[in-house]
1. Got at least one residue in region B:17-32 being surrounded by fewer than 21 Cβ atoms within 10 Å (Cβ to Cβ), in contact (Cβ under 8 Å) with a residue 12 or more places away in the chain and farther than 30 Å from D:GLY92 by Cα?
2. Does D:GLY115 meet the test of being surrounded by fewer than 18 Cβ atoms within 10 Å (Cβ to Cβ), in a loop (DSSP other than H, G, I, E, B), modelled with pLDDT of 70 or more and on the phi > 0 side of the Ramachandran plot?
3. Tell me, yes or no, whether region D:115-126 has at least one residue that is touching a residue at least 12 places away in the same chain (Cβ under 8 Å) and touching an Asp or Glu at 6+ places or on another chain (Cβ under 9 Å).
4. Does C:SER89 satisfy the criteria of being within 7 Å of another protein chain (Cβ to nearest Cβ), out of contact with any Leu (no Cβ under 7 Å at 6 or more places or on another chain), among the polar types (S, T, N, Q) and closer than 30 Å to C:ILE30 by Cα?
5. Only one of C:GLY134, C:GLY148, C:GLY128, C:GLY153 is surrounded by fewer than 17 Cβ atoms within 10 Å (Cβ to Cβ) and within 14 Å of chain D (Cβ to nearest Cβ); which?
6. Within region B:372-389, which residues are surrounded by fewer than 17 Cβ atoms within 10 Å (Cβ to Cβ) and under 26 Å from the mean Cα position of the chain (by Cα)?
7. Identify the single condition in (1) touching a Pro at 6+ places or on another chain (Cβ under 7 Å); (2) among the hydrophobic types (A, V, I, L, M, F, W, C); (3) within 10 Å of another protein chain (Cβ to nearest Cβ) that B:CYS118 does not satisfy, given that it satisfies every other one.
8. List every residue pair whose Cβ atoms lie under 7 Å apart, where the two residues are 6 or more positions apart in sequence or sit on different chains, the first residue falls within region B:421-440 and is surrounded by fewer than 18 Cβ atoms within 10 Å (Cβ to Cβ), and the second residue, located anywhere, is aliphatic (A, V, I, L, M).
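The values are calculated or read from the model by the stated rules, or taken from the named source; none is laboratory data. Just so we're clear, the structure is a prediction, and the values are computed from it rather than from any experiment. Cβ sites come from the backbone with ideal geometry, for glycine too, and all protein chains shown count toward neighbours.
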Amino acid sequence: MITYILCFMLFLVGLYGAVTRRNLVKIAISLSIMEFSTFLFFALLGYIDGGVAPIVNPAEPNKIYVDPLPQALVLTAIVIGLATTALMMAIIIRLYRKYGTFDIREIKNLRG
Amino acid sequence: MNPLIPLFVITPLAATFLIMIIGRFIKEFNKYFTSLTLLILVIISFYCLFKTGGNVSVYKVGGWEPINRIPIGIYMVMDGFSTIIVCIINSIGFLSAFYSISYIKRYTAENYFYALFCLMIAGMNGVVLSGDLFNIFVFLEISVISAYSLVAFGVEKNELEASFKYQVLGSIASFLILFGIGFIYWKTRTLNIADIKEAFSSGYDKSYYLFVQILMLSGFGLKAAIIPFHAWLPDAHSSAPSPISAMLSGVLIKAVGIYVIIRLFFNMFIISEEMAILITTLGTISMLIGGILMIGQWDVKRLFAYSSICQIGYVVLSVGIGMILISRGLKHDVAVLSIAGGLFHLINHAAFKSLLFLNAGAIEYRTGTRDLKEIGGLARYMPVTSSTSFIASMSISGIPPFNGFFSKLIIIIAAIMAKFYLLAALTVIVSIITLASFLKFQRYAFYDKQEYPKEPKPKEVPFPMVFSMIVLSIVCLLLSLLVFPGFRDAVLTPAIDILMDPLKYSSQIIGL
Amino acid sequence: MELAISVILGFMILGAIYSIHAKDLLSAVITCGIVGYGLVICFLLLKAPDLAIVQIVVETINLIIMVAVVLDSSREESYSKLDKQGIVSAITVFVLMAVLLYFFTVATRSLDELGKSTLRMAGPYIEGAAAKTGSANLVTGVVFDFRGYDTMGEAVVLVTAVLGVLTILRLKGKK
Amino acid sequence: MYGIKYFPLGGKRKGVDIKGGKDKMKGMTLIVKKTTQLIAGMIFLYGIYVIVHGHLTPGGGFAGGVIIAGAFILVTLAFGSDFLKLVKEEMGTTIVENIAIITVILIATAGFLFGTKIFFNNFLPKGIIGDLVSAGVLPLYNIFVGIEVAASIFIIFLSLIIFKEESQK
């Protein structure tokens with residue numbers, strides 16, 4: 001159970017960073033960290049004691065395999081994470097060229 | 001197996017990539033093709049509404065039959081509730097795309113605009129028609145990622161900043177949702193919504209349920225901009241190009257926010273009183289604070305954006321009242337009435353809020369500003385915009401012959417019958433605040449000054465924009481008909497049935 | 001097993017905290033990359049080689065993109081002392097984190113321990129799935145056959161992001 | 001002493017800035033170019049191997065696609081290219097990407113049109129488990145998703161470079 005709690009702590013560290021940091025790149029990093037913890041959480045869910053990687057060898061049947069479903073989900077989620085990070089980086093570089101800074105306190109054109 | 005269901009996702013996706021390939025070589029292809037595709041989707045969706053609206057139809061992607069009554073593939077589900085939302089998505093999408101034909105001419109890279117627009121429609125259709133939690137997440141990402149890019153379509157300072165804010169809060173919401181899905185998988189070891197309902201019914205662990213429900217509520221609440229999570233909405237909705245604002249405000253926050261919340265809480269979780277009270281409170285706060293923040297706005301689109309928060313509060317509030325009554329197990333007919341009011345208001349809000357944003361776009365198209373202090377006297381120059389926006393303003397403030405009146409009336413009656421007198425009073429007060437704000441908008445935009453202060457004088461907008469606005473204002477009038485029993489039975493009743501009977505959804509899907 | 005993952009996770013948390021607080025943005029980005037590579041080891045320990053391969057290459061690309069953005073800039077985080085608002089928000093966040101952590105521990109008491117999971121939806125994915133899909137790699141079987149619709153969605157997400165990047169990196173928005 | 005001059009440590013060499021600027025697109029030093037020539041082909045082949053064996057060994061369309069994109073990125077970084085070529089390359093890659101993804105959708109709908117009239121049906125014969133040509137349509141999905149992913153990531157990279165070049169003018 002300690003691994004799950006540590007995993008959730010990693011998630012909270014990311015959340016803390018995303019809420020308190022005032023730098024665009026730091027916010028992106030915090031979001032990546034939240035992403036990592038979510039992937040790990042899914043991988044932990046699929047693990048089975050004594051299981052082997054889910055690749056069938058017809059020569060040796062009747063093995064215990066770990067759950068392939070969470071792995072498939074994480075595979076999907078990793079690529080989605082790459083997509084969001086790329087988009088966010090594009091916006092960050094664009095904002096940097098407009099304002100000349102990564103500091104979110106100086107990028108406050110809009111109210112509220 | 002209704003073979004029409006996957007078409008809602010495949011058609012816009014195929015259209016996207018055809019636009020990206022053919023649109024490079026043939027100019028003008030993109031705009032007409034997008035409108036044509038969406039028109040076809042509108043026809044199919046209304047066909048589904050009137051032909052198969054009442055019953056639940058399931059499409060098993062890949063043809064994987066359940067084993068031991070446990071679904072193993074991804075199921076697409078079309079029932080009364082999702083059919084309504086699909087109709088809204090595609091109709092508003094078609095009108096916005098048609099409106100864009102002239103509006104988006106000012107921008108570069110029209111191909112990307114129409115491609116992203118189709119992707120957004122595909123994503124929302126996918127979310128609404130899905131019966132699988134992780135599938136909902138994937139399609140939600142498609143729609144919100146295209147929304148992030150479309151908000152930043154003008155690539156000026158405001159657009160980029162709004163898009164960044166939206167993206168950060170949206171990503172946090174996505175991870176909360178993903179974590180919640182993992183949590184549900186941990187307990188139930190399945191992802192199909194109907195099957196999760198089955199697995200949940202054995203063994204009730206209160207702390208676990210509360211934690212999962214709060215994770216899901218905050219995730220989808222961020223997407224729906226319910227009040228503590230609303231920070232991104234005014235910026236994003238006011239910075240985006242107007243057709244996109246209409247899509248975001250009229251459809252997106254409903255399809256990926258409110259729809260999923262209602263679906264999960266009614267058809268997947270067991271409704272508990274704590275969550276019902278929490279949801280009602282959030283709805284009330286959204287309604288109140290949205291209304292109060294709306295008063296001081298002078299930017300037309302920001303005013304509409306805050307009013308979106310306020311109106312979404314109405315929907316959440318009335319659904320929450322229904323949930324409280326269900327969880328206490330009393331007054332079943334009042335609960336039905338309350339949820340009916342919420343759904344009715346959801347439909348109405350899609351119509352009049354999209355119309356208002358299209359009007360704001362028309363004003364901006366001709367005058368180049370959104371500030372109410374700088375414009376005035378437009379009624380003489382832009383008669384269509386003026387009259388349609390009058391209809392929309394009266395609808396949203398709840399003046400009798402228009403649709404907004406009936407839905408608000410139903411919500412108030414339901415609140416009184418459920419003995420929530422304070423909520424009923426607040427609803428009336430916020431309605432008056434709305435009326436005041438929209439009268440302000442009408443006066444300063446169209447009637448205040450005799451003459452428009454600047455040269456050149458604006459004239460009426462081009463035909464595609466006029467067409468969309470007129471159609472939407474007619475829809476605003478026609479939707480009032482939904483209070484009459486004949487229309488209500490055809491449209492609203494199947495949706496309410498599927499929500500009210502907790503076992504109907506899951507038993508129909510697994511049993512089929 | 002549980003111990004090994006916990007130790008790696010502990011280091012990942014430390015790396016994450018350092019990465020959030022580092023003054024130089026380049027070192028922050030690289031530390032974030034190291035945390036990502038730590039995830040790869042966890043995946044290998046959890047018997048998920050597919051994920052390990054994808055994560056290692058995706059993390060590399062991620063790092064390239066992030067470094068490309070950071071290298072061009074001043075790289076310094078303009079650091080100012082905590083103002084009143086900062087202290088208040090930090091305290092709120094810490095309280096919120098503690099509450100969430102407490103509820104997490106309470107909520108997970110009745111759930112399966114690590115390695116004791118049962119199968120419900122995934123049962124048919126393992127028993128005889130190779131015969132059903134014809135794929136020896138069960139993860140590929142799940143990804144492209146049982147949940148192929150998800151995978152199409154995922155490919156579309158990537159295309160959406162590409163369109164978004166192309167849209168955002170236009171120099172001129174309006175004619 | 002002699003070799004250090006050409007060693008790509010990054011940062012500033014004598015008067016030349018590797019990190020960015022117009023100079024970057026002229027490519028890196030000779031050693032880097034030669035090494036890249038040797039390695040890029042191997043990386044490319046490895047990516048193809050991972051894609052083609054996706055249904056037998058760990059890996060698949062996504063991993064292989066990203067590896068192939070990595071090979072392209074390496075070549076672009078090492079050899080550089082002038083601005084106009086980059087823009088052309090980006091256009092071409094976009095078309096490749098779109099054709100690849102539309103093929104994926106076509107394969108998915110192919111089961112819809114014939115086969116058993118079901119969306120996403122694995123309508124080809126399954127073959128023997130463990131053979132290279134087996135598992136019905138899965139290798140086809142792997143290949144086209146691989147092309148699509150490689151093209152997507154390469155486009156993201158190219159558009160970042162192009163933006164940097166453009167905005168410096």
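1. For region B:17-32, residues surrounded by fewer than 21 Cβ atoms within 10 Å (Cβ to Cβ), in contact (Cβ under 8 Å) with a residue 12 or more places away in the chain and farther than 30 Å from D:GLY92 by Cα: absent.
2. Against the criterion (surrounded by fewer than 18 Cβ atoms within 10 Å (Cβ to Cβ), in a loop (DSSP other than H, G, I, E, B), modelled with pLDDT of 70 or more and on the phi > 0 side of the Ramachandran plot), D:GLY115 does not qualify.
3. Kept after step one, since they are touching a residue at least 12 places away in the same chain (Cβ under 8 Å), are these residues of region D:115-126: D:120, D:122-124.
Still in the running and touching an Asp or Glu at 6+ places or on another chain (Cβ under 9 Å): D:120, D:122.
Yes, the conditions are met somewhere in region D:115-126.
4. On the way: within 7 Å of another protein chain (Cβ to nearest Cβ): yes; out of contact with any Leu (no Cβ under 7 Å at 6 or more places or on another chain): yes; among the polar types (S, T, N, Q): yes; closer than 30 Å to C:ILE30 by Cα: yes.
Yes: the conditions hold for C:SER89.
5. Criteria check complete, one pass: C:GLY128.
6. Within region B:372-389, just B:SER387 meets the criteria.
7. (3)
8. From residues that are surrounded by fewer than 18 Cβ atoms within 10 Å (Cβ to Cβ), the pairs are B:VAL428/B:ILE412.
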